[in-house]
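Data first, discussion second: the structure below is written as structure tokens.
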Amino acid sequence: MRFVRQIIVLIGLLGLPVQPSLAAALEPAPIRVGLLPTIAPLSLLRLYDPLRIHLQKQLGRPVELYSAPNFRAYLQDIEVGTFDVVISAPHFGVVALDGGYVPLARYKLDLSPLIIVPKGSQIKRVRQLAGKRVLTADRLSALSVVAEHWLMSDAAMRAGRDYSLIEASNHATAIRAVAMGDAEAAFSGLSPLQQVPAEIRAKVDSIPCPLVVPHQFTMAHPRLGAGTVEKLRAALAGFADTEEGRAFFKASGFLGFVPLEIAEIESIRPYAQIVRSMTREKE
């Protein structure tokens with residue numbers, strides 16, 4: 001198994017002071033949770049730490065949070081099975097399913113792109129993005145893939161031909177650039193918009209997209225074993241009723257976890273095919 005490129009946080013050693021060799025023998029292996037790099041690393045850490053604490057309590061073993069420097073690297077980690085648990089973009093969930101990952105849950109909130117524009121902007125319709133510079137966190141993100149598909153199907157506008165699509169480091173950076181007047185528009189979504197500071201939200205407007213897909217998928221690698229997979233599923237189902245869960249869902253805006261069905265993953269396969277085509281083009 002290759003190393004994860006960017007470690008968000010590793011759990012410190014806990015418990016009684018014993019010899020390292022004995023501790024290693026007695027303590028179960030940590031569960032490695034791979035987080036989609038949607039926002040800045042430290043913000044991602046703060047957001048998901050309540051979930052880490054909850055899973056650690058419910059499973060009785062260490063839980064570590066990891067991510068990757070970008071969506072392409074994260075997708076590659078899924079393809080080689082780096083993580084024990086992935087909290088993945090929905091179209092990446094298709095790749096995870098094809099690689100043997102088991103569905104656990106998805107966020108109750110649906111995923112639909114927004115076109116973020118400066119407050120008071122004259123841009124009211126997607127056709128008005130012609131000739132404009134548009135930021136996106138990553139062209140492989142679900143929000144960007146669906147938004148590009150929307151512009152192509154609704155206005156016959158193609159990125160690179162009719163408008164410039166520029167990648168930012170993450171959604172928050174893209175939204176902030178629009179708020180500060182450094183970009184004319186950005187592809188984003190309701191959750192990233194809620195997660196930026198209120199003073200940034202106050203400086204932008206948004207154009208909603210009519211296309212809707214399921215939100216991020218949580219899936220487990222089968223090497224964890226059936227028993228651990230079921231414990232994870234139960235822990236996620238009960239998360240919203242805990243103190244940690246209430247803090248997490250208030251901060252994230254994800255509303256809660258609901259069971260993830262294979263049919264929901266299959267419904268996203270066309271977008272996964274777009275991503276596979278995009279990654280092949282860059283190879």
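No value in this document is a laboratory result; all are computed from the given coordinates. This structure is a prediction, so every number in the text was calculated from the model and none was measured. Methodologically, a virtual Cβ is constructed for each residue, glycine included, from the backbone with ideal geometry; neighbour enumeration extends over all protein chains shown.
So, R0 is 41 Å and r is the distance between the beta-carbons of Ser169 and Asp241; what FRET efficiency does that work out to, to 0.05?
Numbers: r = 35 Å, r/R0 = 0.85.
So the FRET efficiency works out to roughly 0.75.
Could you give the distance between the Cα centres of region 109-167 and region 239-283, to the whole Å?
Cα centroid to Cα centroid, the span is 20 Å.
Run a plain Debye calculation on the chain (Cα atoms as equal point scatterers, no solvent) and give log10 I(q)/I(0) at q = 0.10 Å⁻¹, rounded to two decimals, same order as the q list.
Values, matching the q order: -0.53.
Checking the table Lys132/Lys203; Lys57/Lys108; Lys108/Lys132 against a 26 Å threshold on Cα-Cα, which pairs fail? Kindly include the intermediate steps, with their values, before the conclusion.
Details: Lys132/Lys203 19 Å; Lys57/Lys108 23 Å; Lys108/Lys132 34 Å.
Pairs exceeding the cut-off: Lys108/Lys132.
Would you mind calculating the gained length between Leu45 and Arg72 on full extension (0.36 nm times residue separation, minus the Cα-Cα distance), in nm to one decimal? List each step's numbers first, then the result.
Details: separation 27, 0.36 × 27 = 9.72 nm, distance 1.99 nm.
That works out to 7.7 nm of additional length.
Determine which residues of region 74-100 fall in the zone a paramagnetic label at Val212 would reach in this model, i.e. backbone nitrogen under 17 Å from the point 7 Å along Cα→Cβ.
It comes to 90, nothing else.
Which angle from 0 to 90°, rounded to the nearest 10, does the C-alpha axis of helix 226-237 make with the longest principal axis of the chain?
Helix 226-237 sits roughly 50 degrees off the main axis of the chain.
According to a simple spin-label model (label point 7 Å from Cα along Cα-to-Cβ), what is the distance in nm between Arg223 and Gln194?
It is 3.4 nm.
What do the square roots of 5 times the Cα gyration tensor eigenvalues come to for region 113-208, in whole Å, largest first, as semi-axes of the equivalent ellipsoid?
Working: eigenvalues 74, 39, 26 Å².
Semi-axes from the Cα gyration tensor: 19, 14, 11 Å.
When the chain is fully extended, how far beyond the present Cα-Cα distance does Ser153 get from Thr279, taking 0.36 nm per residue of separation?
On the way: separation 126, 0.36 × 126 = 45.36 nm, distance 2.14 nm.
Roughly 43.2 nm would be gained on extension.
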